[in-house]
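The values are calculated or read from the model by the stated rules, or taken from the named source; none is laboratory data. Keep in mind that this is a model prediction, so the values were computed, not measured. Positions of Cβ are backbone-derived with ideal geometry, glycine not excepted, and every protein chain shown enters the neighbour counts. SASA here: full protein model, heavy atoms, side chains in, ligands and nucleic acids out. Shrake-Rupley method; radii C 1.70, N 1.55, O 1.52, S 1.80 Å.
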Amino acid sequence: RNSSTFAEVERIGLSIWEQISQTIARGEETILSPIVVHNRTYELHTKQTSMFDKAIYEQYTKAFELTPTPELRTKIEGMEIERLFADTIMPPMLPVEVQIISAGKHTLVMFPGELFGSLCPANAWMITNSNGYHAYFADKDAYDHNYYEALTSFVSPGATELMIQQLQKDIEEITDGN
């Protein structure tokens, strides 16, 4: 990898993208020796619209009027977006399609959204915002502290952690624990 030119890296990336595109179109796994693309779909519970807390929103708004900090502004903006969810009928589950790419002793995961670093599995390299975009996938701490990313996420608290646990198991199964 250290001796690869930009053209070589671009060529390999294009080859991987073509295989992923074909795999998605066929709905099956494709082997491109020594690269194997595995498709997985994880069903995550979506956030219930009743989660919007008007009292906390008003508290943040009043505090911002007294001391306009960037942290309060992003919490208010996040809650305003979350309030829009209250007017939307969300499906109970969100299908999250990922591709797990085995390339020798390396594993890459193509993930359709912004995943908090604290949730990234240790046994793979995450490539986020790829093959779709489902906004933020925040950790429990973000929900507990009403961070913007958690407020604007489509998924319910804890759903991402459950998905990552299953993803880690799938990666271990695919790579035989290596």
When both residues are 6+ apart or on different chains and their Cβ atoms are under 7 Å apart, which pairs have a first residue that lies in the stretch 60-75 and is over 17 Å from His145 (Cβ atoms), and a second that is open to solvent by less than 50 Å² (accessible area, probe 1.4 Å)? Thr61/Ile76
Met51 meets each of (1) of a type in the set (A, V, I, L, M); (2) in contact with a Ser or Thr (Cβ under 6 Å, 6 or more places away or on another chain); (3) at pLDDT below 85 with one exception, condition (2)
Pro112: passes all of (1) modelled with pLDDT of 90 or more; (2) farther than 30 Å from Pro34 by Cα; (3) in a loop (DSSP other than H, G, I, E, B); (4) not hydroxyl-bearing (Ser, Thr, Tyr) but (2)
Could you list, in sequence order, all residues of the stretch 76-89 that are within 13 Å of Glu149 (Cα to Cα) and open to solvent by 50 Å² or more (accessible area, probe 1.4 Å)? Glu77, Glu80, Ile81
Give me the residue from the stretch 25-43 that is modelled with pLDDT under 80 and open to solvent by less than 80 Å² (accessible area, probe 1.4 Å) and, out of that set, nearest to the chain's Cα centre (by Cα). Gly27
Tell me, please, whether a residue that is outside any helix (DSSP H, G or I), without any contact (Cβ under 8 Å) to a residue 60 or more places away in the chain and among the aliphatic types (A, V, I, L, M) can be found in the stretch 164-173. no
